[in-house]
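Read the figures in this text as sums done on the coordinates, not as results from a lab. Everything quoted here is computed from the prediction, not taken from an experiment. Methodologically, a virtual Cβ is constructed for each residue, glycine included, from the backbone with ideal geometry; neighbour enumeration extends over all protein chains shown.
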Amino acid sequence: MAAGRKGRGRPRAVPRPEGPARPAGRLEDEDMPAPDDALLLKMLHSMKLTRALEYRIERKLYRQGKIVGGVYVGRGQEAISVGAAVHIRRGEGEDRDDIVSPSHRDMAVFLMQGVPPERILAQYMGRSTGLTRGRDGNMHMGDLRHRLVAFISHLGDSIPVAAGCALTFVMRGTDQVSFCFFGEGATSRGDWHEGLNFAAVRRLPVVFICNNNQYAYSTHVTRQMRVEHVSDRAAGYGIPGETADGNDLLAVYDRVGRAVRRARRGDGPSLLEFVTFRMTGHSAHDDAGYVPKSEFEEWGRKDPIERLQSALLRRGLVDRPALAGMEARIEADLDEAVAWAERQPYPEPEECLDGVYHEGGPGAGDRPQGESTAWR
Amino acid sequence: MSAVLKKGRKRPAAPARVPDLAARLAPPPAVPMKNPGLSRARLLELHAFMRLNRMLEEKLSALYRQGKIVGGLYSSLGQESISVGTAYALLPDDLLAPMIRNIGSLLVRGVPPLTLFLQFLARHDAPTGGKDGTLHFDDLERSIIGPISVLGTLIPVMTGASLAARMRGETRVALTYIGDGGTSTGDFHEGLNLAAVLNLPLILIVENNGYAYSTPTPSQYAVESLAAKGPAYGVASESVDGTDVLAVYDATRRAAERGRRGEGPTLLECRAFRRRGHAEHDDMRYVPKDLIAAWEKRDPLDRFEAFLVEEGHATRASLRAVAEGFEPVLEDAAQKALASPFPPPEETLRDVYYEAT
């Protein structure tokens, strides 16, 4: 490492000085065009695919005993994952691609970053072709080839990680952005505070995206914070905060787009809150008996997919037969994906200790000579 | 990282210096002091505690230079108004948890100077029996909960203490301190958030003294004032001039009343400046000299004395007499402490684990 640094010249100044040198800036000042028709249809497809895939996992495979471990779904919250993830820059190379730390209810983010449904199914079923090669279940997965930072079980811990990713972008002088997803419960965590404050002080390019689904396991949001909105917390860090309807895809698309533009330009992080509802228990084993039935009924009527669909139907962008065709294709694809995943082997017992510690290869151990493959 | 270097791109830069640091840490314009309705006797008592605080620390500093203090010594020079003003606004059984720069709070609570000398000199008769220095001790009879070295951690502890008080139906409030640096810790966030959600009578005094060790506040937070943190938790907050002991007292008193009325926690930022190093060993060469000079002119004791003289509560001579009165008392206490024994070696393992008595 030291040898490689010789004669590289003086370090250049960090382009984003610390502290509130200029006003935090308002998201509404950004110029954010609405999505075009093709993008709308693509987002509708992503939402539907996410829901269908999660339905298979939660309602079928889990009940058939084929899932290893827990199942956490984002049913009713798909608009947030999709409306945000569509802004992630991808496929343009190491210096251009954004990075994302999804929460455990952001299946759509994995799909949109290019993880195929069958590999997600293999992951849930503990197969060796899952993202963690059968070593962990559900959403505890990541893949840096898809610029996905693995979800960290300890809620809130991914916030400083996302801030650290953004710091590398600043240090390297690129205009990449770090996307960070979490729930409202995580905002009470110390790690959340430390990560957000650091990002604010260093004016790091992070978009903090909170899905406020009103329950952190069984804790209602009113027992989580005394402020009305998660976005109210932004004022304590000197960054913009905004709340929008999380079941309105266009609202999510718009707010995240503005925050991304701001971050890319070097104006620092934003805290976005999208109000939604957890239309399920904390996980598949939880009957959510502590949630009043009326809340499920009320939020069921605000379903984000139904909402987008009827808007697109009204605008004549799709018709019923086209929607039916889209659904049929998704189901057929998932039939194939499930069949593929079920054919996959479980990991061999002798692999148990693989990947626990670093073992040679072109990784961290011999970085001075080789290049890390971690970002490939 | 090596991938970056290989391609000949520039390597990571050192963090930028804050360009207008001196301007941003300069004292804000002084507002004339105002008596919030304290009697002459109370004003003079407040002054006496501040003077005693300063003289005691001067003596400790001299002992440190003689190599007699065991461990660190953290000065509150220029911040005595915060320790004294806040503690003075509480009732005697309100819970108080000082941090390392709050000797003044202990003096107000009635901890004798001799106890403090014994503690800093690590003598056997000290509250920690000579096993720890500085202010790391409890005095539950005086409702004092000892500081925790890990900054921020005391906040959830005091949140818990105030919860206990409420569950027992007491009207006690709990007050503790944190510095500007401590506001960036996770414990600060968790403790304050819980106090807010449970509507507990916690008073959190944020002593904003410009530096967390060598980190200046523009590198610590991106808000104009730490009072901005209050609304983020749904907590009442205020920022006062920490060099104005009367403003500090009055704001704390209001916060305590709010807590007793069941209106929840208060975050009170007191702006001052750390005119010494982080601790006595630190030459603080990282602090611009003119900044220290500017804050010396805002000395809280000088300000308060000028106020007392101007308002006719005291004369220069009577104020000098206060200091002269303390001198032999402190000298005597220091000598007594110096003459008292260190803990015997065989006590080393005592109090490490709980022993049933």
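Here are a few things to note about the model shown:
- Efficiency of FRET between A:Tyr290 and B:Asp20 - r from beta-carbon atoms, R0 56 angstrom, step 0.05: 0.60
- Rounded to 5, percent antiparallel among DSSP beta bridges of the protein assembly as shown: 10 percent
- Antiparallel content of DSSP bridges confined to chain A, in %, to 5: 10 percent
- Look at the stretch A:166-176: the mean tally of other chain Cβ atoms within 10 Å of its residues' Cβ atoms is 2.
- Once the convex hull of all Cα atoms in the protein assembly as shown is built, its volume per residue stands at 210 Å³.
- Each of A:Met43, B:Met284 was scored by other Cβ atoms within 10 Å of its Cβ. Listed from fewest to most, they are B:Met284, A:Met43.
- Shielding by other protein chains, A:220-232, mean Cβ within 10 Å: 3
- The loop-placed trypsin sites (Lys or Arg not before Pro) in the stretch B:298-353, going by DSSP, that have at most 13 neighbouring Cβ atoms within 10 Å of their Cβ come out as B:Arg350.
- Kirkwood Rh, Cα atoms: Rg over Rh of the stretch B:79-124: 1.00
- Estimated D of the stretch B:31-339 in µm² per second, where Rh is the Kirkwood radius over Cα pairs and Stokes-Einstein applies at 20 °C, 1.002 mPa s: 110 µm²/s
- Residues B:Tyr74, A:Tyr217, B:Tyr249, sorted so that the one with the fewest Cβ neighbours within 10 Å comes first: A:Tyr217, B:Tyr74, B:Tyr249
- A simple spin-label model places the labels of B:Glu296 and B:Ala62 2.0 nm from each other, with each point 7 Å out along Cα-to-Cβ.
- Chain A - percent relative contact order, Cα under 8 Å, separation 6 or more: 22 percent
- Taking every Cα-Cα distance in the stretch B:145-185 and sorting them into 5 Å bins starting at zero, the pair-distance distribution P(r) comes out as 6, 24, 28, 19, 13, 8, 2 percent.
- Translational diffusion coefficient (Stokes-Einstein; Kirkwood radius from C-alpha pairs) of the stretch B:281-357 at 20 °C, 1.002 mPa s, in µm²/s: 120 µm²/s
- Proximal lysine pairs, chain A, alpha carbons under 22 Å, eight or more residues apart or interchain: 4
- Karplus-derived HN-Hα couplings along the stretch A:76-82 (A = 6.51, B = -1.76, C = 1.60, θ = phi - 60°), whole Hz, x at Gly and Pro: x, 10, 4, 4, 6, 4, 6
- Lys pairs under 14 Å by Cα in chain B, provided they are eight or more residues apart or on distinct chains: 4
- Two-site FRET efficiency, A:Arg343 against A:Arg145, from Cβ-Cβ distance with R₀ of 25 Å, rounded to 0.05: 0.60
- In the frame of its principal axes, chain A has Cα extents of 63, 54, 42 Å, reported largest first.
- Taken over the alpha carbons of the stretch B:117-205 as equal point scatterers, the Debye sum produces base-10 log I(q)/I(0) values at 0.17, 0.20 Å⁻¹ of -0.75, -0.93.
- Counting, for every residue in B:137-143, the Cβ atoms of other protein chains within 10 Å of its Cβ and taking the mean gives 0.
- Residue order, fewest to most beta carbons within 10 Å, for B:Ser340, A:Ser103: B:Ser340, A:Ser103
- For the stretch A:260-309, the set of chymotrypsin sites (Phe, Trp or Tyr not before Pro) satisfying both a DSSP loop assignment and a count of at most 15 other C-beta atoms within 10 Å is given as A:Tyr290.
- Selected from A:His285, A:His45, A:His140 as most flexible by GNM, with chain A as the system and alpha-carbon contacts under 10 Å: A:His285
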